[in-house]
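The values are calculated or read from the model by the stated rules, or taken from the named source; none is laboratory data. Just so you know, these numbers come straight off a predicted model, no measurement behind them. Here the Cβ is made from the backbone with ideal geometry for all residues, glycine too, and neighbour counts use every protein chain on show. Side chains are part of the model used for accessible areas, which takes the heavy atoms of the whole protein and leaves out ligands, DNA and RNA. Shrake-Rupley method; radii C 1.70, N 1.55, O 1.52, S 1.80 Å.
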Amino acid sequence: FFFLMIRRPPRSTQSRSSAASDVYKRQVPKILALTRDSRPHIRESFIGVFVFLPAILNESFDPYIKGVLDHVIESLADDNENIRNLSLRVNKILIQKFGLQRKELLIAPVREGLLSNSWKKRHSSCVLMTEMLDVLVKDAKRNKEPVRPIFVEHSDVLALFHILKYDVSEHIRLQANITWKMFVENTPKELKRLIPHLMNVLVEIITQEGDLGDIAKICITAFVPKYADQILKEILGHLIKLKEQYEDNSNMLNGICLTLNEMARSLPHYQVTELSLIHISEPTRLLSISYAVFCLKKK
């Protein structure tokens, strides 16, 4: 590939640039395909190409960002540690170089990785999302702009970091706690604001088997009792809204009831008895599971 880049360069700057662009268009798809080769040493070699190309091409690399992300982001969960580390490095370079211009494009796959079933990918995604937020905050400070709007815009990301503070992996818990302390000054106040985002994710993942379901249960039993005096009313209010919104979605109703069950088990007795909770179990023929339809109200 690099041999093709340097051999017989055209004489003029314009023709050289045009020729290089044509070569990239032809070669980059081939390189991307080889980042998914079955042989680890081949994957590692061709992922490594993207450590250098963004710096070489600068803005001309923009058309390839999405393709690189689609191919390299999955390698964050690779069994080979060298490949994982190299993929992390490539993604960091993309964030540092293009984070401001292509923010949404870069954030989307990393956000998805925060809820991966692979602890390796969750951990790498924590590192990358921290890097992304840091880039945005530093840019705001450099331009003497307030940083608060960044966290309001990315409330869903902050909510995920709070959930991952209770991950089953110690490495992820440590990284999530570091990130939370970097960007959040008042935890109770921020949690109250994040309740809709927190509960949406917890209700969705608590029904899943494996790490994500366990993380949801640990998170609920840890943070709800701790901050119940400040946020319990808001949590219940949002769960009622979810119940009304997903009246015909048995999976979401099941998630809501599992969430309530974990809350009831972990809350102090005086707070549980303040609530009226009615469960009606009903089998669903379509999904062959049972869900609960409930009413919640203050006594």
Tell me, how many Å apart are the Cα centres for region 24-84 and for region 113-155? 23
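What is region 146-196 by shape, rounded, prolate or oblate, if you read a ≥ b ≥ c off the alpha carbon gyration tensor as root eigenvalues and call it rounded for a/c under 1.5, prolate for a/b larger than b/c, and oblate otherwise? Walk me through the numbers before you get to the answer.
On the way: a/c = 2.03, a/b = 1.69, b/c = 1.20.
Prolate, since a/c reaches 1.5 and a/b exceeds b/c.
Could you tell me what percent of the accessible area of region 161-230 is made up of carbon and sulfur, with a 1.4 Å probe and every protein chain present?
Details: 1460 of 3160 Å².
Answer for region 161-230 is 46 percent, counting heavy atoms of protein chains only.
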Hey, with R₀ at 25 Å, roughly what FRET efficiency would GLN27 and ALA108 work out to, going by the Cβ-Cβ distance, to 0.05? 0.45
Per-residue HN-Hα couplings for region 210-215, Karplus 6.51 cos²θ - 1.76 cosθ + 1.60 at θ = phi - 60°, whole Hz, x for Gly and Pro? x, 4, 5, x, 5, 4
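Would you please put 245-254, 156-165 in order of how densely packed they are, using the mean number of other Cβ atoms within 10 angstrom per residue and starting with the highest?
Numbers: 245-254: 15.1, 156-165: 22.2.
So the peptides 245-254, 156-165, ranked by packing, come out 156-165, 245-254.
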Which order do the peptides 87-94, 211-218 come out in when sorted by mean C-beta neighbours inside 10 angstrom, highest first? 87-94, 211-218
